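A quick write-up on the structure given underneath.
Just so you know, all these numbers are worked out from the coordinates, no wet-lab data involved. Note that this is a predicted model, so its numbers are computed, not measured. Heads up, the Cβs are rebuilt from the backbone with ideal geometry, glycines too, and the neighbour counts pull from every protein chain shown.
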Amino acid sequence: MDGYPNDWPEIRARVISAAQDRCEFCSVRNGEEVRRHRYIKSLWRPVREIDRHTGDMVAAYLPDTAWAPSIKVALNVAHLFNENKLDCDGANLVALCQYHHLSLDARRRRHQKATGQTATPSVEDKG
Ligand SMILES: [Zn+2]
């Protein structure tokens, strides 16, 4: 993995574990199948829920007008402040779902463009 330290897989696993296997922005759980609200993307619901009467897992009622198609959550570890991939200080790393990882990347690029900073390579998706 170009630019990453040799022990990146261990660092990555540690960050995700410390985040209790959830996105640190929206708390969605790694590997879970969810649908996001069409207009408030940080809001999500699982596609299956526990039936209060039977205790069984059943399909959640999520009308298509409000909820986007389902996705399976895949957490990534992103560099929050310093984009240098070798800066693996705990304060610089954050576990994010794919939506918030892309969102962070897009906001960073917009900010860099607006402030005239030299664009740096985007935070790469390393699984
Ligand atoms: Zn998220």
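Structure summary
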{"quantity": "Packing-based exposure ordering (other Cβ within 10 Å, fewest first) of ARG12, ARG110", "calculated": "ARG110, ARG12"}
{"quantity": "Angle in degrees between helix 8-18 and the longest Cα principal axis of the chain, rounded to the nearest 10", "calculated": "50"}
{"quantity": "Order of LYS41, LYS85, LYS113 under a 10 Å beta carbon neighbour criterion, fewest first", "calculated": "LYS113, LYS41, LYS85"}
{"quantity": "GNM flexibility winner over the chain from ALA19, ALA59, ALA68 (Cα, springs under 10 Å)", "calculated": "ALA59"}
{"quantity": "Extension gain (nm, one decimal) between PHE25 and THR65, 0.36 nm per residue minus Cα-Cα", "calculated": "12.0 nm"}
{"quantity": "Rounded to 10°, Cα long-axis angle of helix 98-115 versus longest principal axis of the chain", "calculated": "40"}
{"quantity": "Estimated [θ] at 222 nm from DSSP helical runs (n ≥ 4, -39500 (n - 2.57)) normalised by residues in the chain, nearest 500", "calculated": "-7500 deg cm²/dmol"}
{"quantity": "Residue among VAL58, VAL73, VAL34 with the largest mean-square fluctuation in a Gaussian network model of the chain, springs linking Cα atoms under 10 Å", "calculated": "VAL58"}
{"quantity": "Highest-MSF residue in the chain out of ARG52, ARG29, ARG109 [GNM, Cα springs under 10 Å]", "calculated": "ARG52"}
{"quantity": "Over the chain: Kirkwood hydrodynamic radius from C-alpha pairwise inverse distances, Å", "calculated": "16.2"}
{"quantity": "Proxy reagent accessibility, fewest Cβ within 10 Å first, across CYS97, CYS88", "calculated": "CYS88, CYS97"}
{"quantity": "In region 15-88, chymotrypsin sites (Phe, Trp or Tyr not before Pro) in a DSSP loop with at most 15 other beta-carbon atoms within 10 Å", "calculated": "TYR39, TYR61, PHE81"}
